[in-house]
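**Q** One structure follows; several queries about it will come next.
Bear in mind these aren't lab numbers, they're just calculated from the coordinates by the rules spelled out. Computed from a predicted model, the values in this text were never measured in an experiment. Cβ sites come from the backbone with ideal geometry, for glycine too, and all protein chains shown count toward neighbours.
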Amino acid sequence: MDIIIAGCGRGIGLETAKIFAQHKDMRVLALSRNITQLELLKESIKEQDKGSEFIPFSIDFNQTAFTNQIIEVIEQQHFKPSILIYNAGLLINKPIREFTESDFDRQFHVNIKAGFLLIQALLPYFAENSHIVTISSMGGYQGSSKFPGLSLYSAAKGALAVLSECFAEELKDSKISVNSLALGAAQTEMLEMAFPGIKAPLSAAQMAEFIADFAMNGSKYFNGKILPVSISTP
């Protein structure tokens, strides 16, 4: 089985990559701007001889032509993804009055536009009955609690979730399922940026366990859904 994880250089994404890398007969294409930890994971997988293939690839989702680089790798490796997890994210914590136009563009580009462009570019390559999982946030979940400083991040993640609903409708005849997970608090560097000093009820590894299981099995039960994954606020 071929799997693509976008945004897995640290935190939940890295822990999710670790889980898939342990599975026999899986090929994992791990996309991140910083691949230092992914390269170390690759060496560890080689030593364990799990029968899986792990491919770290450095990509900057802020660059307009990033999809061309990914498609080149896909074609070179003859990748036919059954799972895509879009976990790339950018959070800038500022009061509304201090946000700049650049802050807006950067957060919306990484959190939603790049996800749209990646899914669109990969459409000819997906395996039958594949599953796309976008990682949203409880901050972008309608009716959830909102917090100062996170307005643009929350808005972009909310847009990603709604886009996932739309993708699911348009791709159902292609036998591609799309769901979005609105994550609550897990102990990560990004959570610390949003809520300094907070102690989350879940570790990044625990949240990753849920995401990996959902990516493999969730499409049997859900399509076009935005699912809150949270046991606390925040």
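**Q** To the nearest 10 degrees, how steeply does helix 204-217 sit against the main Cα axis of the chain, on a 0 to 90 scale?
**A** Here the helix axis deviates by roughly 60 degrees.
**Q** Could you check which residue among Glu101, Glu75, Glu209 shows the biggest mean-square fluctuation in a GNM of the chain with a 10 Å Cα cutoff?
**A** Glu101
**Q** If you don't mind, another one. How far is helix 66-77 tilted, in degrees, relative to the longest principal axis of the Cα atoms in the chain, given as a value from 0 to 90 rounded to the nearest 10?
**A** That works out to roughly 20 degrees.
**Q** Step through the residues of the stretch 93-103 one at a time and calculate ³J(HN,Hα) from phi using the Karplus curve (6.51 cos²θ - 1.76 cosθ + 1.60, θ = phi - 60°), rounding each to whole Hz and writing x for Gly and Pro.
**A** Coupling constants for the stretch 93-103: 9, 8, x, 3, 5, 9, 5, 9, 4, 5, 4 Hz.
**Q** Going 7 Å from the Cα of Ser102 toward and past its Cβ, which residues in the stretch 46-67 have a backbone nitrogen under 20 Å from where you end up?
**A** The answer is 60-65.
**Q** Across the stretch 26-36, in residue order, what do the Karplus-derived ³J(HN,Hα) couplings come to in whole Hz, using 6.51 cos²θ - 1.76 cosθ + 1.60 with θ = phi - 60° and x for Gly and Pro?
**A** 10, 10, 10, 9, 9, 9, 6, 5, 9, 10, 4
**Q** Would you work out which of Gly115, Thr134, Gln206 lies farthest towards the positive end of the dipole of the stretch 2-229, given +1 charges on the beta-carbon of Lys and Arg and -1 on that of Asp and Glu, about the Cα centre?
**A** So the residue furthest toward the plus end is Gln206.
**Q** Taking the Cα centre of the stretch 1-94 as origin, sum charge times position over the Cβ atoms of Lys and Arg (+1) and Asp and Glu (-1), and report the length of that vector in debye to the nearest 20.
**A** 300 debye
**Q** Which ordering of Lys42, Lys225, Lys172 is given by a fewest-first count of other beta-carbon atoms within 10 Å?
**A** With the sparsest Cβ surroundings first, the list reads Lys172, Lys225, Lys42.
**Q** Right, another one. Of Lys50/Lys157; Lys199/Lys220; Lys94/Lys220; Lys42/Lys94; Lys18/Lys80; Lys42/Lys225, which ones are farther than 31 Å apart at the Cα?
**A** Lys50/Lys157; Lys199/Lys220; Lys94/Lys220; Lys42/Lys94; Lys42/Lys225
**Q** Let me ask something else about it. Residue by residue through the stretch 167-173, what is 3J(HN,Hα) from phi via Karplus (6.51 cos²θ - 1.76 cosθ + 1.60, θ = phi - 60°)? Round to whole Hz and write x for glycine and proline.
**A** Using θ = phi - 60°, the values come out as 4, 4, 5, 6, 9, 4, 6 Hz.
**Q** Tell me which residues come under 5 Å, amide H to amide H, from Ser203 once H is placed; ignore anything under 5 positions away on its chain.
**A** Gln187
**Q** If you rank Arg33, Arg97 by fewest surrounding Cβ atoms within 10 Å, what's the result?
**A** Least crowded to most crowded, the residues run Arg97, Arg33.
**Q** 5 Å is the cut-off here: which amide hydrogens, built 1.01 Å from N in the peptide plane, fall below it relative to Ser130, excluding neighbours closer than 5 in sequence?
**A** Residues meeting the amide H criterion: Ser177.
**Q** How would you rank Ser145, Ser180, going from fewest to most other Cβ atoms within 10 Å of each one's own Cβ?
**A** The most exposed by this proxy come first: Ser145, Ser180.
**Q** Then there's this: Treating the beta-carbon of each Lys and Arg as +1 and of each Asp and Glu as -1, no other charges, what is the dipole magnitude of the chain about its Cα centre, to the nearest 20 debye?
**A** Using Cβ point charges on Lys, Arg, Asp and Glu, the chain gives about 440 debye.
**Q** Further, regarding this structure: Under a 5 Å amide H to amide H cut-off, with H placed in plane at 1.01 Å, what residues pair with Ile92 once short-range neighbours are removed?
**A** Tyr153
**Q** With a ≥ b ≥ c the root eigenvalues of the C-alpha gyration tensor of the stretch 145-234, is it rounded (a/c under 1.5), prolate (a/b larger than b/c) or oblate?
**A** Here the stretch 145-234 falls in the oblate category.
**Q** Given labels modelled 7 Å from the Cα in the Cβ direction, how far is it in nm from Phe147 to Lys172?
**A** Going by the 7 Å Cα→Cβ label model, 3.5 nm.
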